[in-house]
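Derivation of every value follows stated rules applied to the coordinates shown; laboratory data play no part. Just so you know, these numbers come straight off a predicted model, no measurement behind them. Glycine also receives a Cβ, built like all others from the backbone with ideal geometry; neighbour counts cover every protein chain displayed.
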């Protein structure tokens, strides 16, 4: 049970970092890559929480959207390489991250 609480706290803490860096990425382009790296850590901690500590499985929308948001940021990177604007992708990524965060918080409260 103790490892469950530690991993849940770590998952929540890294979730805050993902959310804040996603908001920062809208205004500071270097944060787009930081979001991706922190998101990978977040997914790994979430897997450890669920797979290793045997926490209850999250709602499917929570983990599906969390994985898909990486695709949104990857599409933004591809647009940047082609010389196109990345702002729509960055905003969409921040919105999806906010939804994932809200779903996760709802599950923790419930």
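For the reader, a short list of remarks on this structure follows.
- The stretch 1-39 residues near the modelled residue 79 label - backbone nitrogen below 17 Å, point 7 Å along Cα→Cβ: 22-36
- Dividing the summed helix terms, -39500 (n - 2.57) for each DSSP H run of n ≥ 4, by the number of residues in the chain produces a 222 nm estimate of -28000 deg cm²/dmol to the nearest 500.
- Take every Cα pair under 8 Å whose residues are at least 6 apart in sequence, average their separation, divide by the length of the stretch 2-109, and the relative contact order is 31 percent.
- Nearest 10 degrees, 0 to 90: helix 60-81 Cα axis against the chain principal axis: 20 degrees
- A simple spin-label model places pseudo-atoms 7 Å from Cα toward Cβ; at residue 41 and residue 61 they are separated by 2.8 nm.
- The stretch 25-71 - Debye-derived log10 I(q)/I(0), Cα point model, q = 0.13, 0.30 Å⁻¹: -0.35, -1.09
- Residue exposure proxy: 4, 54, 62, 11, ordered by other Cβ atoms within 10 angstrom of their Cβ from fewest to most, comes out as 54, 4, 62, 11.
- Using bins of 5 Å that start at zero, the share of Cα-Cα pairs per bin across the chain amounts to 2, 13, 23, 24, 16, 10, 7, 3, 1, 0, in whole %.
- Pairwise centroid distance, computed over Cα atoms, of the stretch 1-68 with the stretch 73-110, Å: 13 Å
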